[in-house]
1. Cα convex hull of the range 102-151: mean projected area in nm², to one decimal?
2. Taking only Cα atoms and a 10 Å spring cutoff, compute GNM fluctuations for the chain and point out the largest among 70, 170, 355.
3. Using only the C-alpha atoms of the range 248-376, find the volume of their convex hull and express it per residue in Å³.
4. Which percent of Cα pairs goes in each bin when the distances of the range 115-271 are cut into 5 angstrom slices starting at zero?
5. Using only the alpha carbons of the range 1-95, determine the length spanned along each of the three principal axes and report them from longest to shortest in whole angstroms.
6. Dimensions of the range 1-49 along principal axes (Cα, Å, largest first)?
7. Scattering from the C-alpha atoms of the range 108-197 alone, worked out with Debye: what is log10 I(q)/I(0) at q = 0.11, 0.25 1/Å?
8. So how much slack lies between residue 44 and residue 374, counting 0.36 nm per residue of separation and subtracting their Cα-Cα distance, in nm?
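Read the figures in this text as sums done on the coordinates, not as results from a lab. What you are looking at is a predicted structure, and each value in this text was computed from that prediction instead of being measured. Ideal geometry is used to build each Cβ from the backbone, glycine not excepted, and the neighbour counts take in all protein chains shown.
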């Protein structure tokens, strides 16, 4: 039986969005990709380019090439050239966080989230192209993370250097995702070993199985941050971790069934509006909503978690795909220029005016690719 919205997802992805961003989202003058576009489809002209956006677009077009999008590898290669020539500062400093539109240094801060996405992008580019340079840079990227961002005499990694504020789970989540992609691309134990290590930190520190909650912010020794900061839960991240842990279960044989079910269960119960089915931005660890608005991406992660539960327990993902895809096509993808998106729906269900960030394409493409994968 075909999954709901399968044909609409395929059409939007391959006939509308990928061609549109290949034509309008590549900066052929300065290199890299356009950071944001206006509602009428123009480059928004923001003053910066983020390394994470470069990496995410490399991923999208590498994966798209593998799924038959003919110009995908050219678009991805453009990003790889920019990434390695412009954003890498050196073996002692890693990748910069942000450059100017023209490619000058703007913020050299080493950020774990960015490095995770660089590894993820290079893994997919190597997988799509067989390019050995990307493989070499995968190791160079992880060398930097291991040597400079690992917490000495502690667990996990700093989210930035020098470290400021609470420690964070989110970059660890994406580093796990990147390591899985690198392991799939190369088969090298280095990547699977680190993924297993971070999953251990997840089960011991980040996630509480009894309450089914994933905290966002932590003290130096990875205790939940005191006060309200330690009670913040993002349903989108709970869904996202459920999908990533299911990948760990499949690829690495890790026994994570209880965590996958608990993550998805709490997020479905407390993080999804029972009437509209929109996924809230944030809730509290007791389930009370904090921010009832919804960005595009938590709704895509709900789809991925439903697919994880199908693979784990045989749960029909159709109802979740039907409701979340309907929301995406109606409120996010259907009220702006075809191929772009509204980024935020407010607590009353109304679109918030603003530019479309290119970074959102990673979430949409990956969720839609998952629907197409399990449907084929």
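1. 4.3
2. Among 70, 170, 355, the largest GNM mean-square fluctuation belongs to 70.
3. Dividing the Cα hull volume of the range 248-376 by its residue count gives 119 Å³.
4. 2, 9, 19, 21, 19, 15, 9, 4, 1, 0
5. Largest first, the range 1-95 extends 53, 30, 21 Å along its Cα principal axes.
6. 47, 19, 16
7. -0.28, -1.28
8. Between residue 44 and residue 374, full extension yields an extra 115.2 nm.
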